[in-house]
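Right, one structure below, let's go through it.
The values are calculated or read from the model by the stated rules, or taken from the named source; none is laboratory data. For clarity, every value in this text was computed on a predicted model and none was experimentally measured. Every residue, glycine among them, receives a Cβ derived from its backbone with ideal geometry; neighbour counts consider all protein chains shown. These accessible areas exclude ligands, DNA and RNA; they are computed on the full protein's heavy atoms, side chains included. Shrake-Rupley method; radii C 1.70, N 1.55, O 1.52, S 1.80 Å.
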Amino acid sequence: MTDRLSELTAAGVAVWLDDLSRVRLSSGGLDQLRREKHVAGVTTNPTIFAKALSDADEYDWQLRDLATRGVQVEEAVRMLTTYDVRWACDVMRPSYEGSGGVDGRVSIEVDPRVAHDSDKTVAEAKALWWLVDRPNLFIKIPATEAGLPAITATLAEGISVNVTLIFGLDRYSQVMEAFLAGLEQAKANGHDLSKIGSVASFFISRVDAEVDKRLEKIGSAEAKELRGKAAVANAKLAYERYCEVFSGDRWQALADAGAHPQRPLWASTSTKNPDYRDVIYVEELIAPGTVNTMPEPVVHAYADHGETRGDTITGSYDEARKVFADLESVGVDLADVIGVLEREGVEKFETSWQELLDGVRKSLSAAGQGASRPGDAAKGNAQAAQQAGGNA
């Protein structure tokens, strides 16, 4: 039987899971995906946590403890989410050690409400790094203008970073510059560069969703022919820039000091349009040194019918540039598309964060009003013991 995810991994694509919940952890589901589906990393975001905490009773015992202690809602959110991320880091530790610290990473995001404040972002990153206390953690920092200096400053502290919400090529170039500057400062500060990791999360399907909406509005045959092409073209040109930056002398000096490159990570890889092939954003973005973070249905879809056709990016840059030229010719303002997506990206995560806060606030109130149920303490102790076993 063909192991399609193994073939994808052999082609140089690290398969990561874009999801996390305590049910997935306590059931052993994450570890099963690691062992059986070649999943080598995990990404999270406020939307994922808001969903996880809203539809599972696995958090009840911890919510009761937090309510008893009288903690504020924001501290409770951090306790709940970092508990899960710490546990996931332990589950993924074999991948981390087996890859020499490249994979096996688990991401947690800074509060998106501070995305436009560099100092607060750095402070939040340092606090999360200390709180989770695992070497295979990634701190997610949005690629806003204020996020760029925060990325550099966080890396300079020896903290590994997942740069998120990248939509445009120019911003991606700025992200790579922030990464290089951060590693140079980390080296000057005496940090071991081989212990610092980073990925740059370049969003895919949202680009097509926004561009296709504009193409439909234009309505011409030429415009409709371009539907579903913008996102892949955008990502391919991003990979071209990645190859240019990480083959230069500046990077080589850092590599000689033990640094790992900041890999491009393809995010938002589930198709928004049901007319598109469900694994298109995996099949069309295969190249060495990349990461593809997928919701679980996409992982299973690729395992079932994905086609690994070797490197599908390198050598297709001129074709991607033609897509851009054609989009401009029919009236799509790509700069405006990227601007809209950047603003909406932060706003959507802020909304999810508020939903998370509101949900935890209600749960804390309910937990504080109810008496501790028989078995809650035992359940909490059992989960803590299970996590401790993974720490050993």
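Using per-residue counts of other Cβ atoms within 10 Å, averaged over each peptide, order 234-240, 254-260 from highest down.
Ranking, from highest mean packing down: 234-240, 254-260.
Scaled to the compact-protein estimate 2.2 N^0.38 Å, what is the alpha-carbon radius of gyration of the range 260-342, rounded to two decimal places? Don't jump to the answer; show the numbers that get you there.
Values: Rg = 14.7 Å, N = 83, 2.2 N^0.38 = 11.8 Å.
Dividing the Cα radius of gyration by 2.2 N^0.38 Å gives 1.24.
Once the Cα atoms of helix 230-245 and of the chain are each reduced to a long axis, what angle between those two axes, in degrees from 0 to 90 to the nearest 10, is obtained?
For helix 230-245, the angle is close to 90 degrees.
When all protein chains stay in place, what accessible area (Å², nearest 10, 1.4 Å probe) is found for Lys362?
150 Å²
Using a 1.4 Å probe over the heavy atoms of the protein chains, calculate the carbon and sulfur portion of the accessible area of the range 295-349 as a whole percent.
Ligands and nucleic acids excluded, carbon and sulfur give 53 percent.
Which value, in debye to the nearest 20, gives the size of the charge dipole of the range 1-93 about its Cα centre, when Lys and Arg are +1 and Asp and Glu are -1 at the Cβ?
On the way: 12 positive and 15 negative charges, 37 e Å.
Computed about the Cα centre, the dipole is about 180 debye.
Looking at the chain as a GNM with Cα springs under 10 Å, which of Phe246, Phe167, Phe203 has the largest mean-square fluctuation?
Per the Cα network of the chain with a 10 Å cutoff, Phe246 tops the list.
Relative contact order for the chain: what is it in percent, counting Cα pairs under 8 Å that are at least 6 residues apart?
Computed value for the chain: 22 percent relative contact order.
Roughly how many Å is it from the Cα centre of the range 3-60 to that of the range 143-174, as a whole number?
With the range 3-60 and the range 143-174 each reduced to a Cα centre, they are spaced 24 Å.
Starting from the residue with the highest accessible area, list Tyr83, Tyr276 in decreasing order, probe 1.4 Å.
Ranked list, largest accessible area first: Tyr276, Tyr83.
Just want the answer: with Cβ charges of +1 for Lys and Arg and -1 for Asp and Glu, which residue in Leu53, Ala253, Ser173 is farthest toward the dipole's positive end in the chain?
Leu53
Considering the convex hull of the alpha carbon atoms of the chain, report its projected area averaged over all viewing directions, in nm², one decimal.
The orientation-averaged projected area of the Cα hull of the chain comes to 19.8 nm².
For Lys272, Lys126, write out the residues from largest to smallest accessible area, computed with a 1.4 angstrom probe and no ligands counted. It would help to have the intermediate numbers written out before the result.
On the way: Lys272 115, Lys126 95 Å².
Ranked list, largest accessible area first: Lys272, Lys126.
Rounded to the nearest 10 Å², what accessible area does Thr351 have for a 1.4 Å probe in the complete protein model?
80 Å²
Please compute the net charge surrounding Leu265, taking Lys and Arg as +1 and Asp and Glu as -1 over other residues with Cβ under 13 Å from its Cβ. Provide the component values of the computation, followed by the final result.
Working: positive: Arg105, Lys140, Arg263; negative: Asp18, Asp103.
Within the 13 Å Cβ shell, the charges total +1.
Using a 1.4 angstrom probe on the protein heavy atoms only, could you order Ser160, Ser329, Ser26 from most to least accessible area?
Final ranking, largest accessible area leading: Ser329, Ser26, Ser160.
Taking only C-alpha pairs under 8 Å that are 6+ residues apart, what is the relative contact order of the range 128-200 in percent?
36 percent
In the range 199-345, how many lysine pairs have Cα atoms under 17 Å apart, counting only pairs 8 or more places apart or on different chains?
Taking the Cα cut-off of 17 Å, the pair count is 9.
Once the Cα atoms of helix 376-391 and of the chain are each reduced to a long axis, what angle between those two axes, in degrees from 0 to 90 to the nearest 10, is obtained?
Roughly 50 degrees, rounded to the nearest 10.
Quote the Stokes-Einstein diffusion coefficient, in whole µm² s⁻¹, for the range 84-133, based on the Kirkwood radius over alpha carbon pairs, a temperature of 10 °C and a viscosity of 1.306 mPa s.
Working: Rh = 12.0 Å.
Translational diffusion coefficient: 133 µm²/s.
Tell me, what is the 1.4 Å probe accessible area of Ser316, in Å² to the nearest 10?
Counting only protein heavy atoms, Ser316 exposes about 10 Å² to solvent.
Springs between alpha-carbon pairs under 10 angstrom, Gaussian network model over the chain: which of Ala320, Ala56, Ala14 fluctuates most?
Result: Ala56 has the largest fluctuation of those listed.
Relative contact order for the range 1-133: what percent, with Cα pairs under 8 Å and sequence separation of 6 or more?
Over the range 1-133, the number comes to 25 percent.
Summing +1 for each Lys or Arg and -1 for each Asp or Glu, what net charge is found among the other residues whose Cβ lies under 11 Å from the Cβ of Glu240?
Overall, the nearby charge balance is +1.
Taking the Cα centre of the range 65-190 as origin, sum charge times position over the Cβ atoms of Lys and Arg (+1) and Asp and Glu (-1), and report the length of that vector in debye to the nearest 20. Spell out each step's value before the answer.
Numbers: 12 positive and 18 negative charges, 35 e Å.
My answer is approximately 160 debye.
Under 5 Å between amide H atoms, partner at least 5 residues away or on a different chain: which partners does Thr164 have, H built in plane at 1.01 Å?
Those lying under 5 Å, H to H, from Thr164 are Ile141, Ala143, Ser201.
Mind jotting down the distance between the C-alpha centroids of the range 217-282 and the range 62-136, whole Å?
The range 62-136 and the range 217-282 have Cα centres spaced 27 Å from each other.
Rounded to the nearest 10 degrees, what's the angle between the helix 317-330 long axis and the longest principal axis of the chain, both from Cα atoms, 0 to 90?
Tilt of helix 317-330: around 80 degrees.
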